[in-house]
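One structure is given here, and the rest of the page talks about it.
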Amino acid sequence: MEEFLKTEAMTGNLFNKTTGDAAFPPNNRTNWDGIDPKPLKEYLRDVTLTPLNWTPGSCLVAFPSDDGPEHFAELDEMMKEVNANFPRVQEFINKPVPVNAPATERLREAVAGQVKQLCVYDEKMQDAPVVHFMCYHKMRVRFLTHFYAFLFFESWEQDLFNKRFVRDHLRYADEIQCAAARVVAAIRDRARRRDPTGNPNGDFDSFHIRRGDFQYKATRLEADQIYENTKDELQEKATVFVATDHQGKPFFKPLADHYDLVFLSDFKEELKDVNTNYLGMIDQLVASRGRVFFGCFHSTFSGFI
């Protein structure tokens, strides 16, 4: 964000959508680390295109193979054809559609059992200098999902290119990666010292246990139930890393009775001077290195692990 604000906002390249005048960040600030981002969010809403209907669960984002109204019409016709015989998820279990299949077949698989309309990357969005997917709970706008399940490209070549590009080039910054690597090394060293003969590589397992504001109440299992659900896959006394938003460790006692539990908060030395805004991302990376991982159903945080 700091680089974007320096190169685009502070050079006069962003314009207020109402007045058309060049607009600069609040107080000309470009570094918002550790600062309430509300003024920055309001500024971005004023100077960017903010699509409000791109909502995961209600539509599938579709990119035409080329620009021009005829290509938008092609997508609309394909969606009408799919809706005429709306597919079920069961049709594609163990029978995935080839990546180079005709666009209509790939579209059927993409929407199966989910959405019945497209959000098209249209001319207005293509012409916009900046498209901003904001998070604004009052308007129930929250662009939080797995990108590969929310995007459809009419061209299968473009589909592969863009998804591979994200896979190969979009990752957390070095500071976050390195902090997580220090924690992983410390956990492996701990696991190795506890069982140098049986665990010479220092393998550990991991959980994501969300207990805070998660909207899916049914996923808030008690620790003893989590143990019963997972015990067959874990070794007694194994070292287990827990990524969690729950602050009270007594909750985890039914798990701690069987495993050597560790949390991100146990590694203050490894995380010294690390921006606290990074801790959630570090939690993700550390959990992703577990030999066996158990996550929280419906959680995007778990999904990316």
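Data table
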item: In region 133-142, the residues that are surrounded by 15 or more Cβ atoms within 10 Å (Cβ to Cβ) and in a loop (DSSP other than H, G, I, E, B); result: Met134
item: Meets criteria (within 23 Å of the chain's Cα centre (by Cα) and under 16 Å from Arg210 (Cα atoms)) for Ala287; result: yes
item: Matching residues in region 270-290 - criterion: being modelled with pLDDT under 95 and part of a loop (DSSP other than H, G, I, E, B); result: Lys272, Asp273, Val274, Asn275
item: Subset of region 1-15 (residues that are open to solvent by less than 80 Å² (accessible area, probe 1.4 Å), within 16 Å of Pro129 (Cα to Cα) and not in a loop (DSSP other than H, G, I, E, B)); result: Phe4, Leu5, Thr7, Glu8, Ala9
item: Hits in region 98-117 (condition: open to solvent by 30 Å² or more (accessible area, probe 1.4 Å) and either touching a Cys at 6+ places or on another chain (Cβ under 9 Å) or assigned to a loop (DSSP other than H, G, I, E, B) (or both)); result: Pro98, Val99, Asn100, Pro102, Gly113, Gln114, Lys116, Gln117
item: Filter result for the condition that a residue is open to solvent by less than 30 Å² (accessible area, probe 1.4 Å), β-branched (Val, Ile, Thr) and either modelled with pLDDT under 90 or touching an Asp or Glu at 6+ places or on another chain (Cβ under 8 Å) (or both), over Thr30, Thr18, Thr55; result: Thr30
item: Filter pass, His246 being of a type outside the set (Lys, Arg), surrounded by 12 or more Cβ atoms within 10 Å (Cβ to Cβ) and touching a Cys at 6+ places or on another chain (Cβ under 7 Å); result: no
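The values are calculated or read from the model by the stated rules, or taken from the named source; none is laboratory data. Quick caveat, the model's predicted, so the values are computed rather than measured. Reconstructed Cβ throughout: ideal geometry from the backbone, glycine too, with neighbour counts over all protein chains shown. These accessible areas exclude ligands, DNA and RNA; they are computed on the full protein's heavy atoms, side chains included. Shrake-Rupley method; radii C 1.70, N 1.55, O 1.52, S 1.80 Å.
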